[in-house]
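Inspection log for the structure reproduced underneath, given as structure tokens.
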Amino acid sequence: MMERWFGISLADVAVQLRRWLGEEVLSADTLFQIGIIGFAALSAWVIASRLRRLTQRHADAESGHHSAKLVWERVGLVMLPLCWLALQWLAIALADTVGWRHGLLIVTASLLSAWVAIRIASTLVRDPATAHAIASLAWILAALNILGLLGQTAALLDRLAIHLGSSRVSALAVIKGLIALAVLLWLASLLANVFDQRIRRQTNLTPSAQVLFSKLLKITLIAIAVVAAISSVGIDLTAFAVFGGAIGVGIGFGLQKIVSNLVSGVILLLDKSIKPGDVIAVANYYGRVDSLGARYVSVTTRDGIEHLIPNEELIINRVENWSHSNNLYRIRIPVGVHYNCDVPTAMRLCSEAAAETPRVLRDPKPNCLLRGFGDSAVDLEVRYWIDDPMNGRANVSSEIYLRIWRKFHEHGIEIPYPQRDLHLRTPDLSTAALAGLGGMPASGRSDLGEP
């Protein structure tokens, strides 16, 4: 059973491998060329380490010029293969002059050239992981092509196949499908970003409509990319209809909350009740809406904490939107003054303190009301309006309190604190009182009987 694997004779592979090792790898010319390649690589590493520090100094010196700095940084990234390539071509020229065999040196130089070109091209991709994956795949394909093994490798991968009904899926088709999927997803993301920027420049659309159209367009482009990648593998898309019932059952049970959040997100975008930039309070959260997602709403509080609130909670719970129709917001702060002070003067000073605060609006103007007579103070209430609730409430209230404190001290207005008066009554220790209480016998009488 082990003699043949996916239609390949293992004995033939072993014979060809031994012949290749004996004729190509273990020959004197090949070993000599490998030594030259190793010496060139070591020398290039020493030279590149010094040149890289030089390019870094030039990049730091060009910090004010982005283009020049970028060029120096990219040169530093490919310094090692560049130095190695230069030494490799020098060795090829020397071998050609002397008349030595240098086929392996030429292959190595071609691989280094592909490495330099791919490394420079991969720097155009911003994501480091994606750039590394693209560079690795491109270099493998270039290496196989240079060595003349690309066709044989493709044929080998095409033999590794399985049959799914009437469809034949090979390893080569899967690899092509993954590459196509990656490229199509990248193109879909690129187009989505381009259309998103154009949509956001449309001033006639509300922020909620802009987010909705952008999300729907991105989902559509990704779906088209996935379907196209699956079709490129050769899989019949009608086969996925079998899984439709199972997916429906899964949505009904396991994905109920996810679907609910998705639908709630669409409702929030359509009814425009919440949009990016609004200041809301829901449950125990208060902050500014940064973004509306398909599953959650991002709300950043004044503490800098970003809360991801599921869309469903914003639909079923009561939400305070302080900037739904306008940004006007009234704040009330309590103030207590002593009973012996001039209450009208205290009310006037409170109104002046609020009016002098920069964030407090002049129209509607702030005012002060007398709310009642408390146990220890006359209860006042300062009411004022602001139009920037996203900048916080506590900071403006604190500034008003500080101004009230200074004005009260300047005008002799006393701010009371809770206190109680305790009255001690001296007991009556007279003879009559004690007699009435039974603590002492009355005069002329005895508890033992008559005298």
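Here, each number is a calculation from the coordinates, and none is a lab measurement. Bear in mind the structure is a predicted one, so any value in this text is a computation, not a measurement. All Cβ positions, glycine included, derive from the backbone under ideal geometry; neighbour counts span all protein chains shown.
Tell me the label-point distance for the pair His324, Ala171, using the 7 Å Cα-to-Cβ offset, in nm and rounded to one decimal.
6.1 nm
For the peptides 297-306, 105-114, what is the packing order when you average, over each peptide's residues, the other Cβ atoms within 10 Å and list the highest mean first?
Answer by packing, highest mean first, reads 105-114, 297-306.
Please give the FRET efficiency for Asn317 paired with Arg406, using the beta carbon to beta carbon distance and R0 = 41 Å, rounded to the nearest 0.05.
0.45
Zone of Leu217 (label point 7 Å along Cα→Cβ, backbone N under 18 Å): which residues in the stretch 284-304?
It comes to 292-294, nothing else.
How much length, in nm to one decimal, is gained on full extension between Asn395 and Thr97, taken as 0.36 nm per residue of separation minus their Cα-Cα distance? The partial results should precede the final answer.
Values: separation 298, 0.36 × 298 = 107.28 nm, distance 8.19 nm.
Working it through step by step, the gained length comes to 99.1 nm.
With just the Cα atoms defining each centre, how far is the stretch 279-343 from the stretch 346-425? Give it in Å.
For the stretch 279-343 versus the stretch 346-425, the Cα centre distance is 23 Å.
With labels modelled as points extended 7 Å from the Cα through the Cβ direction, what inter-label distance (nm, one decimal) is found for Ser113 paired with Arg57?
Distance between the two pseudo-spin positions: 3.3 nm.
Fully extended, how many nm does the chain gain between Glu306 and Ile179 (0.36 nm per residue separation, minus their Cα-Cα distance)?
Values: separation 127, 0.36 × 127 = 45.72 nm, distance 3.62 nm.
Once the chain is fully extended between Glu306 and Ile179, it gains 42.1 nm.
From a point 7 Å beyond the Cα of Asp363 in the direction of its Cβ, which residues of the stretch 306-334 have a backbone N at a distance under 19 Å?
Label zone hits: 326-330.
Taking neighbour Cβ counts within 10 Å as the exposure measure, how do Glu73, Glu410 sort from fewest upward?
The most exposed by this proxy come first: Glu410, Glu73.
Please compute the contact order of the stretch 256-321 in relative form: average sequence separation of alpha-carbon pairs under 8 Å and at least six residues apart, divided by the residue count, as a percent.
RCO, the stretch 256-321: 33 percent.
Using the crude model of +1 on Lys and Arg Cβ and -1 on Asp and Glu Cβ, and no other charge, please compute the dipole size for the stretch 256-321 relative to its Cα centre, in debye to 20.
Taking the Cα centre of the stretch 256-321 as origin, the dipole is about 100 debye.
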